[in-house]
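Asks: First the structure, which I've put down as structure tokens, then a few questions once you've had a look.
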Amino acid sequence: MIVNQHDRDILRELATRYMTYATSDKNREKRDLWRALNDLHMQKPMITIDQIPWHEMDVDGFLQCKVQDPYFNGVEWTLRSEIYKWEHMPADMVLSPYIAIPRPIRNTGVGIETRCLAHSSTGQIQTHLFEDQFEEMEDVAKLQTPVVSIDRALEAELLETAKDIFAGIALVRLRGFQLHSGLWDQITFWKGVENCYIDLIDRPELIHAIVGRYTDATLAMLDQINELGLYDVSCPLCHCSYVYSDRLAVADWETDNLNPTTYDGWTYSMAQLFTAVSPAINEEFEVPYMSKLFSRFGSVYYGCCERLDDRLHIIDRMPNIRKISCSPWSDRDHFAATLPKKYIMSNKPTPAFLALAGFDEELVRKDLRHTIAAAKAHGLGLEFLLKDITTVKGDPRRLWRWSEIALEETVNATL
């Protein structure tokens, strides 16, 4: 594989800058703090910022990619975005001390594509009306078992090229498969939200058939992934949260794990549709299926934007969960009072404060302090994941300042 000198020079310059940060004492200290949190002896609440409106963030042209090769253009973007975050809004981010390149994995999928009947768009924000592709029981047969494969020759070529490009600057590691195990989030794209709600009431047997077949197809896919050794067990992030820990024997970044499997790695899952159903429905249509799936993983991050404070006892029945999301729609005080101490309270601060007419720093501080006090009152490990950020009203400095405020408040929380 030939990468021209122009591209090589850009990649090497970015990698040099990146590795300066990735090998710093500050980076190692942050990694140790995450390890302490995840091993249930928190030294301070931890913070990440992710799912950023990058179209509003470029202040000086640094985020403009220049590499011409399409594969290494993706590597360039990863380097640029990580450097930008470190320099402007690091919070408690950690940089892996190597360059990760994606493996050429192929996945045929389950045989169904999303069909959109209508949509509306405002800038980067879109809403959709989806076609119901599971109107009858026979339609369940549309769900096929995915076939996973990898181009070993291309993988070897990519790895050799990357090692040559970054020689003398950084190690190169292959980035493998990671699974979003939130099956319900995908089912809503195939049926539409309203149709799911109606059939949960009128045709529960159809819903059971859909999620049951989808679960079986996913389990069969995991068997293939494990047989091929494609699961990424050394990725430091799961659903925007760092997962450094001594509790799970993950691959060390300094060595290659020759036979990684899902049993050594993390997955993340959620059922955001169920935020508007009863805990009993949540239990019937989520727990038996996700219990099968979660048993195949070493650790699980559970939840996203849905409210969970009223059903934590149900989430507790599924295996291998380590972190549970406390979204802006959860009652933080009730969540903290109810969450068993074996879990990390993973709070999602509202990104709405970044989208107001003006940026109110005291409002941000008050919100963070409320969550810290709730977690501290019940002896919980706590992390803040600021994500799903739609807009900063064209002012990136709002996000930079949020990072500074969050660091100040979490450091003070340990005094």
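Asks: Please give the number of the condition PHE134 fails out of (1) touching an Asp or Glu at 6+ places or on another chain (Cβ under 7 Å); (2) touching a residue at least 40 places away in the same chain (Cβ under 8 Å).
Replies: Single failed check for PHE134: (1).
Asks: Follow-up. Exactly one of these conditions fails for SER330: (1) open to solvent by 30 Å² or more (accessible area, probe 1.4 Å); (2) in a loop (DSSP other than H, G, I, E, B). Give me its number.
Replies: Here SER330 meets the rest and fails (1).
Asks: Among the residues of the range 355-374, is there at least one that is acidic (Asp, Glu) and either on the phi > 0 side of the Ramachandran plot or part of a loop (DSSP other than H, G, I, E, B) (or both)? Full working, then the answer.
Replies: Within the range 355-374, the subset acidic (Asp, Glu) is 360-362, 367.
After this cut, where a residue has to be either on the phi > 0 side of the Ramachandran plot or part of a loop (DSSP other than H, G, I, E, B) (or both) as well, the list is 360.
Yes, the range 355-374 contains a residue that is acidic (Asp, Glu) and either on the phi > 0 side of the Ramachandran plot or part of a loop (DSSP other than H, G, I, E, B) (or both).
Asks: Would you check which residues across the range 118-134 are assigned to a strand (DSSP E or B) and either within 23 Å of THR391 (Cβ to Cβ) or at pLDDT 70 or above (or both) and list them? Even if it seems obvious, please write down each step before you answer.
Replies: Residues of the range 118-134 assigned to a strand (DSSP E or B): 118-122, 125-130.
The answer is HIS119, SER120, SER121, THR122, ILE125, GLN126, THR127, HIS128, LEU129, PHE130.
Asks: Can you report the number of residues in the range 333-342 which are closer than 13 Å to LEU382 by Cβ and open to solvent by 70 Å² or more (accessible area, probe 1.4 Å)?
Replies: So in the range 333-342, the residues closer than 13 Å to LEU382 by Cβ come out as 335-336, 339, 341.
Filter again for open to solvent by 70 Å² or more (accessible area, probe 1.4 Å), leaving 341.
So the count comes out to 1.
Asks: Inspect the range 313-326 for any residue being open to solvent by 10 Å² or more (accessible area, probe 1.4 Å), more than 21 Å from CYS238 (Cα to Cα) and not in a loop (DSSP other than H, G, I, E, B) and give the result as yes or no.
Replies: yes
Asks: Right, here's the next one. Of the residues that make up the range 232-244, is at least one open to solvent by 10 Å² or more (accessible area, probe 1.4 Å) and at positive phi?
Replies: Yes, because at least one residue in the range 232-244 is open to solvent by 10 Å² or more (accessible area, probe 1.4 Å) and at positive phi.
Asks: Would you pick out the residues in the range 124-168 that are surrounded by 15 or more Cβ atoms within 10 Å (Cβ to Cβ) and within 30 Å of LEU11 (Cα to Cα)?
Replies: Hits for the range 124-168 are ILE150, GLU155, LEU158, LEU159, THR161, ALA162, ILE165, PHE166.
Asks: Exactly one of (1) open to solvent by 20 Å² or more (accessible area, probe 1.4 Å); (2) touching a residue at least 40 places away in the same chain (Cβ under 8 Å) is unmet by LYS366. Its number?
Replies: The number of the failed condition is (2).
Asks: Restricting attention to the range 158-176, does a residue exist that is in contact (Cβ under 8 Å) with a residue 40 or more places away in the chain, of a type in the set (Lys, Arg) and under 26 Å from ASN27 (Cα atoms)? Reasoning before the result, please.
Replies: In the first step, residues of the range 158-176 are kept if they are in contact (Cβ under 8 Å) with a residue 40 or more places away in the chain; the result is 158-162, 165-166, 169-176.
Subsequent filtering for residues that are of a type in the set (Lys, Arg) retains 173, 175.
Then drop every residue that is not under 26 Å from ASN27 (Cα atoms), which leaves 173, 175.
Yes, the range 158-176 contains at least one residue that is in contact (Cβ under 8 Å) with a residue 40 or more places away in the chain, of a type in the set (Lys, Arg) and under 26 Å from ASN27 (Cα atoms).
Asks: Have a look at LYS348, LYS342 and point out the one that is in contact with a Cys (Cβ under 8 Å, 6 or more places away or on another chain) and modelled with pLDDT of 95 or more. Break it down into steps so the answer makes sense when it comes.
Replies: Values: LYS342 fails: in contact with a Cys (Cβ under 8 Å, 6 or more places away or on another chain).
Going through LYS348, LYS342 in turn, just one is in contact with a Cys (Cβ under 8 Å, 6 or more places away or on another chain) and modelled with pLDDT of 95 or more: LYS348.
Asks: On to the next question. Which of (1) surrounded by fewer than 21 Cβ atoms within 10 Å (Cβ to Cβ); (2) in a helix (DSSP H, G or I) does MET290 not meet, given it meets every other one?
Replies: (1)
Asks: Something else about it: Just checking, does the range 147-162 include any residue being assigned to a loop (DSSP other than H, G, I, E, B), modelled with pLDDT of 95 or more and of a type in the set (Asp, Glu)? Show your work before the answer.
Replies: Our first condition is that a residue be assigned to a loop (DSSP other than H, G, I, E, B); within the range 147-162, this holds for 147, 151.
Applying the additional criterion that residues be modelled with pLDDT of 95 or more yields 147, 151.
Remaining after also requiring of a type in the set (Asp, Glu): 151.
Yes, the conditions are met somewhere in the range 147-162.
Asks: Do we have any residue at all in the range 70-83 that's closer than 19 Å to ARG12 by Cβ and among the basic types (Lys, Arg)?
Replies: Here is the first cut: in the range 70-83, the ones closer than 19 Å to ARG12 by Cβ are 70-83.
This time we only want the ones that are among the basic types (Lys, Arg), so: 80.
Scanning the range 70-83 turns up at least one residue that is closer than 19 Å to ARG12 by Cβ and among the basic types (Lys, Arg).
Asks: On to the next question. Please enumerate the residues belonging to the range 260-292 that are touching a residue at least 60 places away in the same chain (Cβ under 8 Å), polar (S, T, N, Q) and within 16 Å of GLU194 (Cβ to Cβ).
Replies: Once the filter is applied, which keeps residues that are touching a residue at least 60 places away in the same chain (Cβ under 8 Å), polar (S, T, N, Q) and within 16 Å of GLU194 (Cβ to Cβ), the range 260-292 yields only GLN272.
Asks: Next question. What do you reckon, is LYS376 touching a His at 6+ places or on another chain (Cβ under 9 Å), open to solvent by 60 Å² or more (accessible area, probe 1.4 Å) and at pLDDT 95 or above? Step through it out loud before you land on a result.
Replies: Working: touching a His at 6+ places or on another chain (Cβ under 9 Å): no; open to solvent by 60 Å² or more (accessible area, probe 1.4 Å): yes; at pLDDT 95 or above: yes.
Answer is no for this residue.
Asks: Scan the range 348-356 and give yes if some residue there is farther than 17 Å from THR410 by Cβ and crowded, with 18+ Cβ neighbours inside 10 Å, otherwise no.
Replies: Yes: the range 348-356 contains one or more residues that are farther than 17 Å from THR410 by Cβ and crowded, with 18+ Cβ neighbours inside 10 Å.
Asks: Moving on. Identify all residues within the range 59-86 that are farther than 18 Å from VAL172 by Cα, touching a residue at least 40 places away in the same chain (Cβ under 8 Å) and either touching a strand residue (DSSP E or B) at 6+ places or on another chain (Cβ under 9 Å) or open to solvent by 40 Å² or more (accessible area, probe 1.4 Å) (or both); write none if there are none.
Replies: Hits for the range 59-86 are VAL59, LYS66, GLN68.
Asks: Could I ask something else about it? Collect the residues in the range 274-284 that are within 26 Å of GLN178 (Cα to Cα) and surrounded by fewer than 22 Cβ atoms within 10 Å (Cβ to Cβ), keeping them in residue-number order.
Replies: To start, the set of residues in the range 274-284 that are within 26 Å of GLN178 (Cα to Cα) comprises 274-275, 282-283.
Those that are within 26 Å of GLN178 (Cα to Cα) and surrounded by fewer than 22 Cβ atoms within 10 Å (Cβ to Cβ): THR275, ASN282, GLU283.
Asks: Next question, about the same structure. Out of all the residues in the range 182-205, is one or more in contact (Cβ under 8 Å) with a residue 40 or more places away in the chain, touching a strand residue (DSSP E or B) at 6+ places or on another chain (Cβ under 7 Å) and either among the acidic types (Asp, Glu) or closer than 23 Å to THR23 by Cα (or both)?
Replies: Looking for residues that are in contact (Cβ under 8 Å) with a residue 40 or more places away in the chain, touching a strand residue (DSSP E or B) at 6+ places or on another chain (Cβ under 7 Å) and either among the acidic types (Asp, Glu) or closer than 23 Å to THR23 by Cα (or both), one finds none in the range 182-205, hence no.
Asks: Evaluate the following for ALA91: is it aliphatic (A, V, I, L, M), in a loop (DSSP other than H, G, I, E, B) and either surrounded by fewer than 20 Cβ atoms within 10 Å (Cβ to Cβ) or touching a residue at least 40 places away in the same chain (Cβ under 8 Å) (or both)? Lay out the reasoning, then the answer.
Replies: Numbers: aliphatic (A, V, I, L, M): yes; in a loop (DSSP other than H, G, I, E, B): yes; either surrounded by fewer than 20 Cβ atoms within 10 Å (Cβ to Cβ) or touching a residue at least 40 places away in the same chain (Cβ under 8 Å) (or both): yes.
When the stated conditions are applied, ALA91 passes them.
The values are calculated or read from the model by the stated rules, or taken from the named source; none is laboratory data. Predicted model, so just to flag it, every value in this text is computed and none were measured. Heads up, the Cβs are rebuilt from the backbone with ideal geometry, glycines too, and the neighbour counts pull from every protein chain shown. Side chains included, ligands, DNA and RNA excluded: accessible areas come from the protein's heavy atoms. Shrake-Rupley method; radii C 1.70, N 1.55, O 1.52, S 1.80 Å.
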